[in-house]
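Remarks on the structure that follows.
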Amino acid sequence: MTSSKGLKLTRQRQIILEELRKVRTHPTAIEVYTMVRRRLPRISLATVYRNLEELAAAGLIQKLTLAGSRKRFDGTVEEHCHIRCLKCDRVDDVAQVLVPPIVEDVETLHGYQLLGHHLELFGICPRCQEKARERREGPSHSQAGREAKQKER
């Protein structure tokens with residue numbers, strides 16, 4: 001079977017693609033390897049790396065090279081942005097509505113024909129914020145602590 005992008009979809013590539021599209025966690029190559037090994041126990045890490053690169057080059061997946069982070073992969077190819085937690089390295093999708101006005105302004109003001117863009121957002125995710133709050137205030141003041149107290153009643 002061949003993809004619409006001209007890349008032959010071998011059984012290994014198809015399984016890698018299926019596993020990547022099942023998750024929204026933007027896994028690293030090693031995490032994809034772990035997922036794929038459940039279905040293909042004899043596949044090598046080098047094969048997963050090579051196929052991820054080929055799938056990305058064919059436009060079937062996205063390769064994310066976020067500053068300060070390991071290379072990650074995204075099964076969603078529709079244009080969208082990402083936000084990365086600076087504490088735990090978690091990566092989440094952000095709706096694309098942020099970018100089009102900027103793109104139009106750059107083309108109009110600077111005369112460039114844009115071929116692509118990369119917008120990287122970073123911050124602290126809700127889970128890491130909660131952990132920091134628990135360390136500062138103790139578990140009784142955190143959301144988890146409040147829920148535990150309510151269950152005791």
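Bear in mind that the values in this text are calculations on the coordinates, not laboratory data. What you see is a predicted model; the values in this text were computed from it and never measured. Here the Cβ positions follow ideal geometry from the backbone for every residue, glycine too, while neighbour counts run over all protein chains shown.
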> If you plug each phi of the stretch 53-63 into the Karplus form 6.51 cos²θ - 1.76 cosθ + 1.60 with θ = phi - 60°, what whole-Hz ³J(HN,Hα) values come out, in order, with x for Gly and Pro?
Replying inline: 4, 5, 5, 5, 4, 7, x, 8, 9, 9, 9
>> Strictly greater than 19 Å: what percent of every Cα pair in the stretch 1-63 meets that?
In response: 20
> What ranking of Ser69, Ser44 emerges when the number of other C-beta atoms within 10 Å of each C-beta is taken as an exposure proxy, fewest first?
Replying inline: Ser44, Ser69
> Non-local amide H neighbours of Leu64 (under 5 Å, H modeled in plane, Pro and chain starts lacking H): which ones?
Replying inline: Arg72, Phe73, Asp74
>> Just to verify a number: FRET efficiency for Ile83 and Gln14, C-beta to C-beta distance, R0 = 30 Å, to 0.05?
In response: 0.50
>> Explain nothing, just compute: Karplus ³J(HN,Hα) = 6.51 cos²θ - 1.76 cosθ + 1.60, θ = phi - 60°, for every residue of the stretch 81-91 in order, whole Hz, x for Gly and Pro.
In response: 9, 10, 10, 10, 7, 6, 8, 10, 6, 4, 10
> Say R0 is 30 Å: what FRET efficiency, to the nearest 0.05, do Glu54 and Glu120 get from their beta-carbon distance?
Replying inline: 0.80
